[in-house]
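One structure below.
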Amino acid sequence: MRTLMLKDNIIERYTNFLITLPIIWIFTGLFILDNGDKILVILTLLSTVISLLIYKTSVCKKNIKTPYLWFIFALLFISIICESLHIYNPINVRAIAIITVLLCFLPFKLITEKTLLIITFAATISSFIFVFWFSYINIIGRSLWPINAIPYSTYLCFIAATSLILFFNAKNNIIKYSLLLCLFFNVTAIFITETRGALVALVPTLLAIVVYFSYKNKTIKRNAIVSIISLVIICGLNYPIIKQRINQTTADITLIKSGDTNTSIGLRLDFWKAGFHLIKESPVIGYGTHYFQQLDTLASEKIIPQYAASYKPLHFHNQFVDISVKCGLFGLLGLLVLLIFPIIKLTTKNSNEALLIYSYTSILILAGLTDVPFFHKQLFLIFFIMIGIMYGRNKQQLKS
């Protein structure tokens, strides 16, 4: 009898592992391999089949009652219509299809705090090795990495925020110190990527988490001291990188003041300026991807330099400007609804699930000021899947 129970327990753990494998993959392999989303399709199908065999249709019936899932259905529907009519589609069809299937058939109860701990540890190890490998061993430029360094650093922000939230909730000291190491390695990895926009997204988010738990646990003074010491240590260890980026930023600003905007920061400013002009000209429906001629026109009118127009950017280095140019203000409104809806509709606003939703949304919004996170399918996948799971858990826990 005991042997049978042991076998059943092993089988249950194994099947649960296979069902949650897509979630483990989006935190690891998805951000290492360029074709990670194709592998995710296979893992999602495997997870769905096993979920149906074990839980039949009970999981789907339960998950489909989650309001956020209907937003995902709407995105999938819009995406399919746009593809069928050959209209500009800002949504990756494969990505939104994966998200829809996962959120329909994944038992949210399996994504426990223990599961998140395992995922965080695995993600930290794999991501740090990835960054360290291409920065110090097989040295290649950031633009030649399998995944672009800018969205990769935003992914690192997600792991760092998850580490900090789990740290404050951990009871075991070994786990707490391990999570603190995870946070250290992820922040260090972000410094190594030399991505300034990621720090703009990460620092306020981590600060908000620390302030929240400091007031909640009444440990303001202790957390302030620990935070300052940790910041000094991290900055000290990464001083050469920080100094280099400060010098680069100072040089860029000096050139911009002299009228030369052909720098990383300067070009972003040019693209934003062009974006605002294009939004004024077509505020309702936008241009889709047919805006290159308009950039040349803006250059001829001396609104932006010719070298900025010749760059022919695939996006405008700002999530909100980009969606407004390509899809009009209706597209911007849709994006804002997707970001704000789960926050407004949370059942328990101080749960771990809610904190993760706040943190991921904060990171994406702040990262979106200098990049286009949703333009990158990996970030699109990890954001909507995690928001969907955490929102679903938040809703279902109240009813259970």
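What follows is calculated from the coordinates using simple rules that are stated; it is not laboratory data. Everything numeric here is computed off the predicted structure, so don't read it as measured data. Here the Cβ positions follow ideal geometry from the backbone for every residue, glycine too, while neighbour counts run over all protein chains shown.
Some points to look at:
- Mean residue ellipticity (222 nm) of the chain, computed from DSSP H runs ≥ 4 via -39,500 (n - 2.57), nearest 500: -25500 deg cm²/dmol
- Taking each residue as 0.36 nm, the span from T249 to V337 lengthens on full extension beyond its C-alpha to C-alpha distance by 28.3 nm.
- Label point at K216 placed 7 Å out along Cα→Cβ; residues across segment 145-183 whose backbone nitrogen lies under 11 Å: 165-170
- Contact order relative to length of segment 243-400, as percent, for alpha carbon pairs under 8 angstrom and 6 or more apart: 21
- In a simple Cβ point-charge model (Lys, Arg +1; Asp, Glu -1; nothing else charged), segment 1-95 has a dipole of about 460 debye relative to its Cα centre.
- Segment 334-346 - phi-based ³J(HN,Hα) in whole Hz, Karplus 6.51/-1.76/1.60, Gly and Pro as x: x, 5, 5, 5, 4, 7, 8, 3, x, 5, 5, 8, 5
- Placing +1 on each Lys and Arg Cβ and -1 on each Asp and Glu Cβ, with no other charges, gives the chain a dipole about its Cα centre of roughly 1560 debye.
- Charge-dipole axis of the chain as Lys and Arg at +1 and Asp and Glu at -1 on Cβ define it, positive-most pick from S282, Y155, L69: L69
- The HN-Hα couplings worked out from phi for segment 11-23 by the Karplus form 6.51 cos²θ - 1.76 cosθ + 1.60 (θ = phi - 60°) are 4, 5, 5, 5, 5, 5, 4, 5, 5, 8, 4, x, 5 Hz, whole numbers, x standing for Gly and Pro.
- Among W70, W25, W145, W133, sorting on how many other beta-carbon atoms sit within 10 Å of each Cβ, with the fewest leading, yields W70, W133, W145, W25.
- For segment 139-224, with +1 on Lys and Arg beta carbons and -1 on Asp and Glu, the positive-most of L202, L183, F167 along the dipole: F167
- Length added when fully stretched, V41-D296, from 0.36 nm per residue minus Cα-Cα: 87.8 nm
- Derived scalar couplings ³J(HN,Hα) [segment 224-231; Karplus, 6.51 cos²θ - 1.76 cosθ + 1.60; whole Hz; x for Gly, Pro]: 5, 5, 4, 5, 5, 4, 4, 5
- Among (1) -0.62, -0.94, -1.05; (2) -0.59, -1.04, -1.20; (3) -0.72, -0.96, -1.06, the entry derived from the coordinates for log10 I(q)/I(0) by the Debye sum over Cα atoms at q = 0.09, 0.12, 0.13 Å⁻¹: (2)
- Relative to the current alpha-carbon distance between I80 and A224, full extension at 0.36 nm per residue lengthens the span by 46.9 nm.
- Residues H376, H86, H315 in ascending order of nearby Cβ atoms (within 10 Å, fewest first): H86, H315, H376.
- Segment 120-180 and segment 279-318: distance between their alpha carbon centers, rounded to Å: 35
- In terms of other Cβ atoms within 10 Å, V200, V131, V93 run from fewest to most in the order V93, V200, V131.
- Taking the average, over residues, of other Cβ atoms within 10 Å as the packing measure, peptides 122-129, 322-329 rank 322-329, 122-129 from highest down.
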